[in-house]
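What follows is a single structure, written as structure tokens, with notes after it.
Please treat every number below as a calculation from the coordinates, not as lab data. Quick caveat, the model's predicted, so the values are computed rather than measured. Note that each Cβ is placed from the backbone with ideal geometry, even for glycine, and that neighbours are counted across all protein chains shown.
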Amino acid sequence: MSSPTLQVGRNPESRPTGRFFGLRLKFVVLFSLILIMTCSSLSWYFIDTRRQAMIDNLEELGTILLTNTVRNEHFRIGGIVLEDRATLDQFMQSLMAIDHVVYVVITTSDGRILDRQSKRTRTLSNRSPQPSPQPIYPDDRIVESLLQAPLTVPLLSRFVLSAEQTLVPEKQPSWWLLPFWVGEETLYDFAMPVLRKSSFGATLPKLSVDLEEKSFPLPATSSPVVGLVRIGITDAAAKQALLVIVHNVSLLTLLIIAAGILSAHLLTSRITTPLRNLANAARQLAEGNDAPTPLVAASYDEVGELTNVFNDMTQSLHDRNQAINRNLEIIRRQVKQLTTAHQASTAIASANMFDMNQLLDTVLALLIDNLGFSRMTVFLHHPDRNCASLARIIGVSSEIAEAIRRIDIPVVDNSGITAELLLHGKPLLIQDIETAAQRMYPPLLEMARRSDVQSFIAVPLRSHAKILGFLAGDRGARRCSEEDLHILSTIAGHVAAAIDNAKAYSELAELTQHLEERIEHRTEELSRANTQLQDHDRRRTTFLSVVSHELRTPMTAIRSFAENMLDGVTGPLTELQHTYLTRIQHNVTRLGRIVVQLLDWARLDTKSIQLRLEEVCIHQIATITADSLQMVAAEKNVSLSVAPVGSLLPVQGDRDKLEQILWNLIGNAIKFTPPGGRVSVQFGESQPGVVQTCVSDTGCGIEASHVANIFDEFSRVPSAMPASQGAQLGLCITKTLVTMHHGRIWVESQPEVGSRFYFTLPVSGPQDEPGQTMQ
């Protein structure tokens with residue numbers, strides 16, 4: 001009777017036959033891309049580093065030249081103060097002799113030019129037949145500001161010498177073009193005032209606190225600036241050197257890339273050619289030829305080794321195909337045993353996972369009943385104690401079982417049976433127990449002899465790459481076989497998974513109980529912390545109320561005394577006394593506003609303010625508020641106006657709170673508007689059912705980066721008029737009040753131009769009832 005032949009492979013017609021990109025092309029393309037990106041990035045970085053170094057050298061040269069010249073005692077006294085022409089010519093010639101210096105300009109403190117020279121000229125187009133070239137000098141707009149500012153470091157400006165031979169401010173190119181940017185000639189203008197000798201030894205004294213809001217012009221003789229020196233440095237030579245570097249680096253990069261691509265092509269050719277031969281041989285195997293022609297290794301590298309391994313594999317496949325035919329009969333004999341193993345596995349899967357002792361009893365009983373073993377035992381590994389102990393045993397007397405239960409087998413890597421099972425995970429077949437007596441733990445060997453164990457098998461219990469213990473059994477007087485070892489190894493995986501699941505369920509239950517205890521404890525802590533926070537918040541509110549009330553009494557007395565003294569009750573005042581008292585009165589009023597804002601903020605924070613809603617005209621409230629602030633605006637010479645409206649729908653709101661909203665917005669507009677500015681209030685309907693109010697000014701404006709935080713409490717937004725800033729709670733209170741009216745507030749601002757604050761209110765409808773309160 002002939003055995004069927006096992007057919008390896010698949011139908012060749014199912015293999016794709018379309019064109020594909022070869023490994024050589026893919027490798028060369030990938031390597032080329034990596035090489036090009038790497039070399040280009042390194043070249044870009046090198047050129048950018050050189051460019052930045054050249055710029056730093058030019059800036060350092062200009063700083064050193066200008067600083068040494070300005071701080072030269074001979075130059076400051078002889079050249080600037082005494083206006084000695086010989087001294088000026090000496091310094092001018094020494095500076096103009098430097099290659100990178102383009103021009104030098106020396107002026108006095110009143111802006112008069114003492115001397116200036118320039119290496120760059122331009123020809124003006126005029127009506128003369130032969131126009132004369134004119135030297136190029138920088139713009140004089142910064143001279144006035146530098147003459148007023150006692151700077152001790154040079155002020156650097158960059159200009160580009162355009163094609164029309166004019167100086168224009170430099171425009172920075174894109175970041176990826178910076179290393180290759182050589183463009184037009186750039187001039188680095190270094191300007192620095194010449195200070196008096198005392199100005200180098202100490203900084204200017206700070207203004208008095210009393211004069212922080214009002215500046216007084218110093219007399220001409222007290223100015224620390226005696227002159228101004230400007231030096232222009234060109235980068236023409238540096239850019240020419242950078243062009244040479246760019247050319248050389250680009251050429252070298254192209255050579256490296258070309259050499260790398262060629263090397264990649266040659267290397268892939270030595271790899272892909274043997275691989276094609278291997279593919280042809282594998283195709284023959286897939287088509288059913290189990291003995292193709294052996295391949296010849298063309299090299300001794302990994303490809304050659306792969307060729308030799310492939311030859312071995314084809315021979316092994318041929319031998320295995322023959323062996324499979326011989327083993328078919330053996331497989332048929334094992335079907336019955338595997339069926340029994342499947343039944344045991346099903347019983348394991350249906351056992352109670354929460355009781356590991358019951359699980360092991362069920363598993364061991366099934367193995368004895370279905371596989372014919374005489375005795376079965378399970379030992380569990382304890383890595384924390386580095387030992388193994390008995391978990392369950394069946395088929396022995398209770399006396400022997402109790403004796404084995406008291407044994408702890410040490411787990412030591414000493415080539416013993418325990419080490420092979422628990423450390424190396426090797427299944428063992430012991431045909432004769434006496435031949436393995438030296439490898440067994442003595443107390444356990446004695447128990448095996450007392451139980452008449454002749455031969456046994458043991459397999460490790462492995463789950464998720466962990467060895468949990470081992471499963472062992474014997475057949476009494478019969479010797480165990482390889483088939484017994486294979487069957488027990490198959491079942492051991494299911495037993496290990498069941499033990500691992502039982503331990504995991506037990507640990508999960510313990511962890512769940514521990515987590516519940518921790519959650520209960522943490523809940524109690526959070527409850528106590530919440531109570532403490534509420535108590536702290538209540539104390540803070542009380543503190544703000546008491547402190548604000550206690551501050552009002554002394555502030556009222558200070559304001560009364562200051563007003564009486566200003567009215568002449570205590571006698572005539574000097575101009576300085578009048579200034580001090582005015583300052584006191586101003587700051588007491590300012591402090592009073594801060595106290596009122598703190599009280600309003602505390603009430604809003606505790607949600608203790610209620611709105612008394614009624615039908616009101618927002619234009620009428622704005623007019624009354626503006627009339628109340630007309631005197632404040634007149635004192636600052638600020639124009640305050642309310643735009644007239646033909647018809648405006650009434651809104652539903654609290655009259656006092658709406659007046660407070662307008663008072664804060666108009667008052668802020670007046671505070672931050674310089675003399676001569678304008679503040680106006682306008683109205684309109686932004687959308688149906690909504691009235692929009694706009695308070696605009698021509699003040700200092702707000703930076704765009706701070707607009708998002710302008711309505712936050714204590715936002716500390718910087719201002720161009722810091723003397724007008726208070727506690728910065730007014731806008732926070734205003735936004736809260738607008739939100740309580742179901743409105744919206746926002747701001748549009750531009751520095752040095754002004755700000756426009758908008759807020760909207762819903763119009764009064766038939767569903768709104770006058771006198772309604774809202775918290």
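Computed values, structure above
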| quantity | calculated |
| --- | --- |
| Per-pair calculated FRET efficiency, R0 = 25 Å: S316 and R270 via Cβ, rounded to 0.05 | 0.40 |
| Placed amide H near E685: partners under 5 Å, 5+ positions off or other chain | Q692 |
| Packing-based ranking, highest mean first, of 322-328, 403-409, 668-674 given that Cβ atoms within 10 Å are counted | 668-674, 403-409, 322-328 |
| Cα-centred dipole magnitude for the stretch 371-506, charges only on beta-carbon of K, R (+1) and D, E (-1), debye, nearest 20 | 220 |
| Efficiency of FRET from Cβ geometry, E185 and V153, R₀ 25 Å, rounded to 0.05 | 0.50 |
| Neighbour net charge for V738 - beta-carbon separation under 10 angstrom, K R +1, D E -1 | +3 |
| Spacing of the two label points (7 Å from each Cα toward its C-beta) at D84 and T512, in nm | 9.9 |
| Full-extension gain in nm, S397 to H706, via 0.36 nm per residue minus C-alpha separation | 102.6 nm |
| Cα→Cβ-extended label distance, 7 Å offset, between S250 and V335, nm | 7.9 |
| Computed magnitude of the charge dipole of the stretch 389-469 (debye, nearest 20; Cβ of K, R +1, Cβ of D, E -1) | 320 |
| In nm, spacing of pseudo-spin labels at I113 and V632 (7 Å Cα→C-beta vector) | 5.1 |
| Residues M96 and Q134, FRET efficiency given R0 of 22 Å [Cβ-Cβ distance, rounded to 0.05] | 0.80 |
